[in-house]
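The values are calculated or read from the model by the stated rules, or taken from the named source; none is laboratory data. On a predicted model such as this, the values are computed, not experimentally measured, just so you know. Here Cβ is always computed from backbone atoms with ideal geometry, including for glycine, and neighbour counts include all displayed protein chains.
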């Protein structure tokens, strides 16, 4: 399916460092790239972008993006960009002969909305508008949003100052060629050159279906305040990772999200962030092995910090559309090395302190238990997901492990930290074998 | 699909400890149970078994089997079991009103033959016979086999002393009700009460299709010699496990298969064999830690022996139809513990010998490298299978690891063994990260 994106206008309310609006970065990614990559995630790869104000710069950026994303982006030039956005839509008429998606360059959204929309194609001569029926959505700017009144899946009225509205226009459409005729009628009959005018014409004929987005994320980035809201919304979405353990959920994740916010602005790949976290853990292990309480405590703090940063690689990957299977695996393998070095450093510290062989054995058990815990995690999680989809339970994992290392180092009790880790991790391994035996 | 099994006859040539033929154990499993479980693997769960000689004993066994396998087994009693086997087939007539499989209780086979047969149902009034066109199959007893002559997918002639034959009757049929009429005609017209007689009647009318088994395993267990051949054939099938490394392939597997042959006769589950191997490794680790060359060497031999027995759990599971996901996983987790304990024992030995911290560090690296090697194996194998289906290459895994431990202990060079393992395993981990990065 083809996708038309309107990126022609000039934003007087949103000017930063001389950037044109579609190129304003949000968490390291320009707005229009976010829109295109979200559509790519919904399976679209053939784009038609209407550019106008500062068009050369936008088109240059889009050419590079098309190469990087291996997609087709066709330029539609609109020199009448100072007129309303309906004119931009009409400029693309000759390129679009089948049902197509229509998006705005400054409207961010959850790709699932597009997937739902594509699954419900409109009838002949009709279009479908994605509507947000949550009229108290805090991401919506009530002074600027286009309001809609719908009934029985049809759009009745649309406008900015509409009384008795029951939803918002998200700027996401699935269109047929009927839209172009409606836009022309709107210009001829009412001198209204806006997209809303064309939609109003079709709605009057009962030809506009509405699809509720079911509370999914969307935001119109129209001013600096909306940009800040959008950023916060994207960051909050990172919180709810189902595999997060308790330390991740309540300590690491809130902090790592704040760090990721800054990291997105740097030219760092997620794999490079994984490496930074890994070398942090390595340095912490060396500090442990150095001996003495100050080095031990510093190593503990560094280990916990590295564990927090370990959450950033995945977060930045999600924020910057850089998620990959390899990245997840690379991070997991580095984490295993980091865990082992931390525990070995702690063991070395304890052993050098009193040269007792028990510390060596307990340290070994902590290392092997931690490894088996990770080794069994995928299989166990898979089985548990299949068995008890609703139950979450306490997940014993890396976050707890490193936190215990941190506490042990800070309280100058490395032996006890190793003993607790060894008991907890091996106990969990045995418990998993037992649970899977009885439920497999 | 229903499955009829003929188990009524008395075998004069195959008498062991007073057992009736269908109940004679082969690698711990009675012949008729092998036939039924092979059919279950091909998706069958509704069986009709014609019993005669010593019928009470066979039926009692089958009732237990039905409960254990959660399948339906209906008894068809044939008190005329001294007559030919066509009589047994006729006794089951009233139970079979749709196309059905027909098997012999003493003919073992690869379940894939049944799956192929089911995929090609015969036409109205026809039956299909699975035929082995390999006329030099060493598993076939040339003095006893029923020979066939086929042309263009049709059976022309069938008989024991057939000249100019081009295949063998495997005793595996997919039948329609036409078979019963043919058997009656054979009795009436030629006084031939054998199944072969009925098939011959149908073949004369051009109503018998043949399906070549494509070189797959089947064997008619008719005398002690055939029983031995069948046992060897089942054992040889265990050799070709694609994930076997070089030490497995050329040293461990040939020995473990010999051990498995005996283990199948004991009431040991595969998981119990995994535990025996695990405790062997644990004892070897304790011997390493004890100190002194004799204990070191004994530990090395025990470790290698445990590694060989570690192959038996899977082999016995396959031979006794006890393969399970859980079993494979349980074994893998125990192997991780066994590896770690062996390497820790060796490290302890080396360290106690000279109290040098380098040994401790190298031992730690060997443990972590081995773990990461296992941790990355599934992912890497999956990727490599997808990428280079044909290439096998050298697989660095547990077999090599334990063999190096064995060599190091035997040659009294535990430090060097640890160093080689640490280098090899961590090098392989880094190589895998690299390969997957470039091909993922």
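Descriptive notes on the structure:
- Selection from the range B:4-36 of residues that are over 19 Å from the mean Cα position of the chain (by Cα) and either part of a strand (DSSP E or B) or at pLDDT 95 or above (or both): B:4, B:5, B:6, B:7
- Any hit, the range B:219-228, residues being within 22 Å of residue B:91 (Cα to Cα), in the same structural domain as residue B:35 (by TED's automatic domain parsing) and crowded, with 20+ Cβ neighbours inside 10 Å: no
- Considering B:194, B:256, the condition of being buried (at least 17 other Cβ atoms within 10 Å of the Cβ), out of contact with any strand residue (DSSP E or B) (no Cβ under 9 Å at 6 or more places or on another chain) and in contact (Cβ under 8 Å) with a residue 60 or more places away in the chain is satisfied by B:194 alone.
- The number of residues in the range A:345-354 that are within 9 Å of chain B (Cβ to nearest Cβ) and under 13 Å from residue A:417 (Cβ atoms) comes to 1.
- Qualifying position, being surrounded by 15 or more Cβ atoms within 10 Å (Cβ to Cβ) and part of a loop (DSSP other than H, G, I, E, B), among B:173, B:180, B:165: B:165
- The single condition from (1) within 14 Å of another protein chain (Cβ to nearest Cβ); (2) at pLDDT below 95 that residue A:282 fails is (2).
- Only one of the numbered conditions (1) crowded, with 23+ Cβ neighbours inside 10 Å; (2) facing chain A (nearest Cβ under 9 Å); (3) more than 36 Å from the chain's Cα centre (by Cα) is violated by residue B:357, and that is (1).
- Residue count for the range A:81-109, restricted to those that are at pLDDT 95 or above and over 14 Å from residue A:5 (Cα atoms): 0.
- Filter pass, residue A:289 being modelled with pLDDT under 95, within 10 Å of another protein chain (Cβ to nearest Cβ) and closer than 16 Å to residue A:417 by Cα: yes
- The residue that is modelled with the lowest pLDDT, among those in the range B:431-440 that are part of a helix (DSSP H, G or I) and within 36 Å of the chain's Cα centre (by Cα), is B:439.
- Search result, residues across the range A:360-381 that are more than 10 Å from chain B (Cβ to nearest Cβ) and either more than 17 Å from residue A:405 (Cα to Cα) or touching a strand residue (DSSP E or B) at 6+ places or on another chain (Cβ under 9 Å) (or both): A:377, A:381
- Residue count for the range B:396-428, restricted to those that are assigned to a loop (DSSP other than H, G, I, E, B) and either modelled with pLDDT under 75 or surrounded by fewer than 21 Cβ atoms within 10 Å (Cβ to Cβ) (or both): 4
Condition check ((1) within 19 Å of residue B:404 (Cα to Cα); (2) away from chain A (no Cβ under 14 Å)) across all residues:
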position: B:310; (1), (2): yes, yes
position: B:313; (1), (2): no, yes
position: B:330; (1), (2): no, no
position: B:340; (1), (2): yes, no
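- Verdict on residue A:131 being closer than 17 Å to residue A:215 by Cα and not in a strand (DSSP E or B): no
- Tally of residues being loosely packed, with under 15 Cβ neighbours inside 10 Å and either within 17 Å of residue B:211 (Cβ to Cβ) or within 25 Å of the chain's Cα centre (by Cα) (or both) across the range B:143-159: 4
- Test for residue B:56: is it out of contact with any strand residue (DSSP E or B) (no Cβ under 9 Å at 6 or more places or on another chain) and modelled with pLDDT of 90 or more: yes
- Some residue of the range B:261-272 being within 14 Å of chain A (Cβ to nearest Cβ), more than 30 Å from residue B:412 (Cβ to Cβ), surrounded by fewer than 22 Cβ atoms within 10 Å (Cβ to Cβ) and free of Cβ contacts under 8 Å to residues at least 24 places away in the same chain: yes
- Of the residues making up the range B:372-395, those that are at pLDDT below 75 and closer than 24 Å to residue A:341 by Cβ are B:378, B:379, B:380.
- Boolean, residue B:89 is in the same structural domain as residue B:178 (by TED's automatic domain parsing) and touching a strand residue (DSSP E or B) at 6+ places or on another chain (Cβ under 6 Å): no
- The listed residues are A:97, A:116, and the only one of them that is in the same structural domain as residue A:194 (by TED's automatic domain parsing) and in a helix (DSSP H, G or I) turns out to be A:116.
- Test: residue A:216 is surrounded by fewer than 20 Cβ atoms within 10 Å (Cβ to Cβ) and in a helix (DSSP H, G or I): no
- For the range A:40-58, the set of residues classified as farther than 18 Å from residue A:321 by Cβ and without any contact (Cβ under 8 Å) to a residue 40 or more places away in the chain consists of A:56, A:57, listed by residue number.
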